[in-house]
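Q: Okay, here's the structure, questions in a sec.
The values are calculated or read from the model by the stated rules, or taken from the named source; none is laboratory data. Everything numeric here is computed off the predicted structure, so don't read it as measured data. With ideal geometry, Cβ positions are generated from the backbone for all residues, glycine too; neighbour counts draw on all protein chains shown. Heavy atoms of the whole protein, side chains included, go into the accessibility calculation; ligands, DNA and RNA do not. Shrake-Rupley method; radii C 1.70, N 1.55, O 1.52, S 1.80 Å.
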Amino acid sequence: MPGTLTRPELTAADRCDRCGAAAKLRAVLPSGGELLFCGHHARAYEAGLREMEADLQKDEQHEVQ
């Protein structure tokens, strides 16, 4: 029986693709690619990512504000 594919939780090893800080948001693009963002860059790009219907996974332990 096939299982459901889920993405792993973000860890301290996951780094922002823009600046290298700790990642707080994973954005899975409709094309299948993914981007990681720190809190600062997540806030800067979140509206645009939602417009392009990216699947957003926030760090549950350190919520982006």
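Q: Whose amide H sits under 5 Å from the amide H of residue 34, counting only residues 5 or more places off or on another chain, with H placed in the peptide plane?
A: When sequence neighbours closer than 5 places are left aside, the close amide H contacts are 29.
Q: Enter the accessible area of residue 34 (Å², nearest 10), with the probe set to 1.4 Å and all protein chains included.
A: About 80 Å², ignoring ligands and nucleic acids.
Q: If you take the charge dipole of the stretch 6-50 about its Cα centre, with +1 on Lys and Arg Cβ and -1 on Asp and Glu Cβ, which of 23, 12, 40 is farthest toward its positive end?
A: The residue sitting most towards the positive pole is 40.
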